Each structure stands twice: as structure tokens, then as C-alpha cells.
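Here is the structure we will look at.
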Amino acid sequence: MKPQDVPLKAMAKKITWWDAAESIGVTDRTMRRRRERLERDGYAGLAARRGRRGPHRRRRPRRPLPGMLLHIDGSKHRWFQDGRW
């Protein structure tokens, strides 16, 4: 049974709210909050509430820098097919 379906069974009085909380492994306070969201927003209120990362932890794209991928090494063989070292 999916965690979204457990509050629906509790609303239908098939199981108690306490048993519903224990079956999905949350506290009774969390289950009360889910019940309030279910009553207020309907089935859409049971969707995951986690949003995107905030700007504090968001990684920014790398800036293109001239010569960023240029590697200088001291190899003694020809890397290019036209005879250059």
C-alpha cells in the first residue's frame, strides 16, 4: 500500500489514524498534519511537499573560460595527424 493511500483508508474508517501512522512509519503529529492537508486540499494535498533546492545550495553552471580545456604536457609523441607535436 502506498503512503498516499493510507490516509484515505483512515478517512474511510477502515483503520485508525494511529494504525495508519504506524504503518507508514511516521509520528501521530505528522499523520494529523496529513489529515488536515487531505481535508483542505483533497488528494493533491498528499503529494510530496518537498520543492527544489534553495539558492544557497544550488550549484551554478561553470563559466566558459578561454583555454579551459588546454592541457600543456611534456609528451614526446605527436598528438595531431599532421605532424605537429
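Here are the numbers for this structure:
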{"item": "From phi via Karplus (6.51, -1.76, 1.60), per-residue ³J(HN,Hα) for the stretch 40-48 in Hz, x at Gly/Pro", "result": "7, 10, x, 5, 5, x, 8, 5, 4"}
{"item": "Phi to ³J(HN,Hα) by Karplus 6.51 cos²θ - 1.76 cosθ + 1.60 over the stretch 20-35, Hz, x for Gly, Pro", "result": "5, 5, 5, 5, 9, x, 10, 7, 5, 5, 4, 5, 5, 5, 5, 5"}
{"item": "Sequence-distant aspartates and glutamates (8 or more away, or on other chains) whose Cα lies within less than 19 Å of Lys13", "result": "Asp5, Glu22, Asp28, Glu36, Glu39"}
{"item": "Charge sum, other residues only, whose C-beta stays under 15 Å from Trp17's C-beta, Lys/Arg counted +1 and Asp/Glu -1", "result": "+3"}
{"item": "Local electrostatic count at Met31 - Lys and Arg +1, Asp and Glu -1, tallied over other residues with Cβ under 14 Å", "result": "+1"}
{"item": "Net length gained if the chain between Arg58 and Gln81 were fully extended (0.36 nm per residue, minus Cα distance)", "result": "4.0 nm"}
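All of the numbers you see were taken from the coordinates with simple rules; none came from a lab. Everything quoted here is computed from the prediction, not taken from an experiment. Using ideal geometry, Cβ is built from the backbone for each residue, glycine included, and neighbour counts are taken over all protein chains shown.
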